[in-house]
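Structure, as structure tokens:
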Amino acid sequence: MDDEPVVAGARGWASEVAPPELQVRRMELSGDPVLVLTFPVPSRQETAPLTDAERDVVRRALEGATTSAIAAARRTSPRTVANQLQSIFRKLGITSRVELARCYAGMPASRR
């Protein structure tokens, strides 16, 4: 069973959503059988550069500020900040503040 490709195809929901490049291998780990799934992950690139306002919102969001706090500091409405966050998420190909934090993890504040 050492690094053996799995030949049988998936059926049902998994076969509909799995990328065509998905590779499944059956292996042993500490004597236990495991399946290892590998597939290419597209690189995350900005579809458009962030505006100065969006970069400011990112900086404040990464500092842990709430939408309301960001709005107060920027002298704008919470709805405007929410819209800016959605624009940022779309440009970065992400969906949440957690993913935003992961995008900028380890990056110096001066480069954000």
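Just so you know, all these numbers are worked out from the coordinates, no wet-lab data involved. All values reported here derive from a predicted model rather than from experimental measurement. Here Cβ is always computed from backbone atoms with ideal geometry, including for glycine, and neighbour counts include all displayed protein chains.
Once the piece of chain linking Lys91 and Asp52 is laid out straight, how much longer is it, given 0.36 nm per residue of separation minus the C-alpha distance between them? List each step's numbers first, then the result.
Numbers: separation 39, 0.36 × 39 = 14.04 nm, distance 1.39 nm.
In short, 12.7 nm is gained.
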- [ ] Determine the sum of side-chain charges near Ala71: Lys and Arg each +1, Asp and Glu each -1, restricted to other residues whose C-beta is under 11 angstrom from that of Ala71.
- [x] +4
- [ ] Provide the gained length on full extension for the span Glu99 to Thr66, in nm with one decimal, where the gain is 0.36 nm per separating residue minus the Cα-Cα distance.
- [x] 10.3 nm
Task: Within-13-Å neighbourhood charge of Asn83 [Cβ basis; K, R +1; D, E -1] - done: +3
Open item on the list: Just want the ordering: Thr80, Thr38, from fewest to most Cβ atoms lying within 10 Å of their own Cβ.
Closed with: Thr38, Thr80
